[in-house]
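Novice: Dropping a structure here in structure tokens format, bear with me for questions.
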Amino acid sequence: MPMQIVRTSPIEGQKPGTSGLRKKTSVFKRPHFLENYVQSTFNGIGGVRGKVLVIGGDGRYFNDDAIQVILRMAAANEAARCIVGQGGIMSTPAVSHLIRKRKADGGLILSASHNPGGPDADFGLKYNGPNGGPATETVTDKIFANTRDIDLYKITAATPVDIDTLGLRRHEGMEVEVVDSVADYAALMQTLFDFDKIRALFAGGFTMRFDAMHAVTGPYAHAILEGRLGAAKGTVVNGKPSPDFGGGHPDPNPIWAKDLMDTMYGPLAPDFGAASDGDGDRNMIVGRNTYVTPSDSLAVLTAHAHLAPAYKDGLKGVARSMPTSRAVDRVADSLGIACYETPTGWKFFGNLLDAGKATLCGEESAGTGSDHVREKDGLWAVLLWLNILAETGKSVAELMADFWASYGRCYYSRHDYEEVESDKANAMMDALRAKLPTLAGTQVSGLTVEAADEFAYDDPVDGSRSTGQGLRIAFAGDARAVFRLSGTGTAGATIRLYLEQLETAADKLQMSPEEALENVRGAAMILSDLTALTGRTEPDVIT
Ligand code: G16
């Protein structure tokens with residue numbers, strides 16, 4: 001086999017973040033950058049000799065070239081087989097499913113998620129383990145350690161592997177199996193939901209708009225919504241994946257999915273709107289004139305999941321990331337099931353799902369999922385919503401009004417300050433961290449601080465401890481402000497400020513979030529001194 005051993009040396013900046021390694025595409029294209037990280041990943045998981053890997057990406061710029069490099073390195077490292085999505089494209093939840101279905105040893109996902117793609121935009125790579133989920137911190141720590149002392153990588157000669165034609169072929173002693181990216185995933189969805197009921201809903205005139213944002217879910221949504229479920233042609237818009245996502249920002253939130261929001265708040269709004277992100281794991285749900293926050297979506301899905309066949313026997317428990325609103329806690333409480341609070345990052349849900357402690361999980365960052373895979377799953381969330389709408393016969397607005405009347409409303413908003421100079425962002429976090437022990441009892445902006453701490457998580461399954469997971473300030477009256485630095489950005493630091501205020505008074509359930517959160521935002525700005533320490537007066541993005 002024409003295997004080459006290439007001498008290399010460690011490259012700075014290869015520490016995996018919240019979800020694998022994300023960098024500017026131009027950084028990933030630098031000599032040895034990708035190769036070093038791939039070899040370190042292989043080394044970090046004990047080598048890939050004789051192993052089966054699933055490989056797929058969201059189709060962004062550099063996806064195809066990077067997959068060729070990964071295949072050549074897998075062959076040189078003596079992997080037995082790589083299962084690749086046709087054209088190198090597969091959504092993140094579909095990769096997770098395929099790893100589990102085929103009992104593969106793991107997988108590599110090429111994506112920078114909701115970040116834009118292109119030569120001047122972002123790229124990313126992450127490793128998922130045999131359970132189909134993102135590598136735990138224990139594994140990413142090993143990968144990182146390998147990036148620090150790597151001195152060689154192995155790669156075969158630069159013969160392109162055909163990944164466009166379905167079927168099995170060989171590449172330098174390794175099997176390469178090219179599979180339909182959609183088929184297995186669509187079949188899985190059909191086992192979870194009542195497709196007959198949803199088909200009847202559409203047949204009865206129910207209308208929907210699904211914005212695939214020129215990203216990976218287009219083919220999945222066409223096949224499932226318009227194909228198997230009979231939604232009208234044209235239900236799926238922007239359904240053809242493009243390497244730069246049509247020049248857009250494939251992040252399903254009211255800012256970046258503005259066209260969908262305008263449609264849903266306009267005179268010709270269909271009954272239901274939804275969107276998904278670059279790699280298909282995030283979702284946005286919006287009814288006619290009714291945007292549903294991701295935190296509320298998790299809570300509503302928890303309350304009604306039993307209406308879908310897969311969850312008809314109830315949920316074992318639920319989990320949310322710490323900054324996610326506590327709406328779901330209230331539902332879990334009334335259902336008498338456990339609710340786990342984890343650090344940000346889907347990887348922290350894996351152990352809970354594997355151990356059967358949680359069935360549904362969700363995050364404020366537009367991610368919801370269940371134990372059917374080990375990733376968040378955009379289309380899954382949309383289908384569960386459709387199943388619930390079909391069973392209840394209610395509109396999204398009616399469901400939300402009923403929900404808030406039963407559980408109260410957790411007004412919620414996230415303010416992002418992007419590309420802040422790292423020194424300044426760290427200085428702000430350090431100053432606030434130092435202040436936390438003194439804050440209880442402080443009166444600020446009409447609120448009283450009840451408790452303040454830095455979140456740390458003790459995994460109830462493997463006993464591992466994750467520290468430094470966000471600064472949280474709880475106020476009397478069920479209000480909360482949380483500060484943390486994003487672990488997915490590729491330039492400077494992004495400060496995330498999460499604001500939450502519970503309201504239970506019947507006449508205060510239809511306020512604007514800005515109004516409901518005014519005091520807690522004021523208090524957070526005063527306590528953090530954010531403007532003085534970073535020079536920022538307004539967030540770049542409010543979701
Ligand atoms: C990733 C993680 C999520 C996390 C999100 C935001 O999502 O999988 O668990 O909530 O990043 O993380 P951060 O606040 O650190 O930027 P995705 O969709 O980008 O893969």
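Novice: Give me the tail of P(r) for segment 90-212 as a percent: Cα-Cα pairs with distance above 17 Å.
Specialist: 74
Novice: Over 10 Å intervals from 0, what percent of Cα-Cα pairs in the chain sits in each interval?
Specialist: Here the calculated profile for the chain is 4, 19, 29, 27, 15, 5, 1, 0.
Novice: Give the order of Leu335, Leu125 when sorted by the count of other beta carbons within 10 angstrom, beginning with the fewest.
Specialist: Leu335, Leu125
Novice: Follow-up question, since we're still on this one. Compute the relative contact order of segment 231-386 as a whole-number percentage, counting only Cα pairs closer than 8 Å that sit 6 or more residues apart in sequence.
Specialist: Relative contact order for segment 231-386 comes out at 22 percent.
Novice: Calculate the all-directions average of the projected area of segment 184-407's alpha-carbon convex hull, and give it in nm².
Specialist: Mean projected area for segment 184-407: 11.2 nm², to one decimal.
Novice: Could you give me the ³J(HN,Hα) list for segment 528-540, computed from phi with Karplus coefficients 6.51, -1.76, 1.60 and θ = phi - 60°, whole Hz, x at Gly and Pro?
Specialist: With the stated coefficients, segment 528-540 comes to 8, 6, 4, 5, 5, 7, 10, x, 8, 9, 10, x, 7 Hz.
Novice: How big is the gap, in Å, between the Cα center of segment 1-68 and the Cα center of segment 200-251?
Specialist: One Cα centre to the other: 31 Å.
Novice: Which order do Glu500, Glu398 fall in if you start with the one that has the fewest other Cβ atoms within 10 Å?
Specialist: Sorted ascending by nearby Cβ count, the order is Glu398, Glu500.
Novice: Could you tell me how many cubic angstrom of Cα convex hull volume segment 3-179 has per residue?
Specialist: 97
Novice: Let me ask another. Could you list which residues have their amide H under 5 Å from that of Thr8, counting only those 5 or more apart in sequence or on another chain, with H placed in the peptide plane?
Specialist: It is Leu152, Tyr153, by chain and number.
Novice: Nearest 5 percent is fine: what portion of the DSSP beta bridges confined to segment 184-407 is antiparallel?
Specialist: 50
Novice: Using the beta-carbon distance between Ser464 and Thr207 and R0 = 60 Å, what value does 1/(1 + (r/R0)^6) give for FRET efficiency, to the nearest 0.05?
Specialist: E between Ser464 and Thr207, to the nearest 0.05, is 0.80.
Novice: Which whole-number percent gives the relative contact order of segment 3-179, counting Cα pairs below 8 Å spaced six or more residues apart? Walk me through the numbers on the way to the answer.
Specialist: Working: 379 pairs, mean separation 62.2, N = 177.
It rounds to 35 percent for segment 3-179.
Novice: If you don't mind, another one. Report the local net charge at Ala390: Lys and Arg +1, Asp and Glu -1, summed over other residues whose C-beta lies under 13 Å from its C-beta. All intermediate terms of the calculation are to be shown ahead of the outcome.
Specialist: Working: positive: Lys197, Arg199, Lys394; negative: Asp194, Asp196, Asp271, Glu391.
That works out to -1.
Novice: Along the principal axes of its C-alpha atoms, what lengths does segment 327-425 span, in descending order and rounded to whole Å?
Specialist: Answer, in whole Å and largest first: 52, 32, 27 Å.
Novice: With 10 angstrom as the radius, rank Tyr407, Tyr498 by how many other C-beta atoms surround their C-beta, starting from the fewest.
Specialist: Fewest to most other Cβ atoms nearby, the residues stand as Tyr407, Tyr498.
Novice: While we're here: Pairs of alpha-carbon atoms within less than 8 angstrom and 6+ residues apart define the contacts here; what relative contact order does the chain have, in percent?
Specialist: Working: 1259 pairs, mean separation 72.1, N = 543.
So the answer I get is 13 percent.
Novice: Here's another thing I want to ask about it. Show that you can apply the helix-only estimate: for the chain, add -39,500 (n - 2.57) for every DSSP H stretch of four or more residues, divide by all residues, and state [θ] at 222 nm to the nearest 500.
Specialist: Computed ellipticity for the chain at 222 nm equals -9000 deg cm²/dmol.
Any read-out appearing in this document is the output of simple, stated calculations on the displayed coordinates, not a laboratory observation. Keep in mind that this is a model prediction, so the values were computed, not measured. Here the Cβ is made from the backbone with ideal geometry for all residues, glycine too, and neighbour counts use every protein chain on show.
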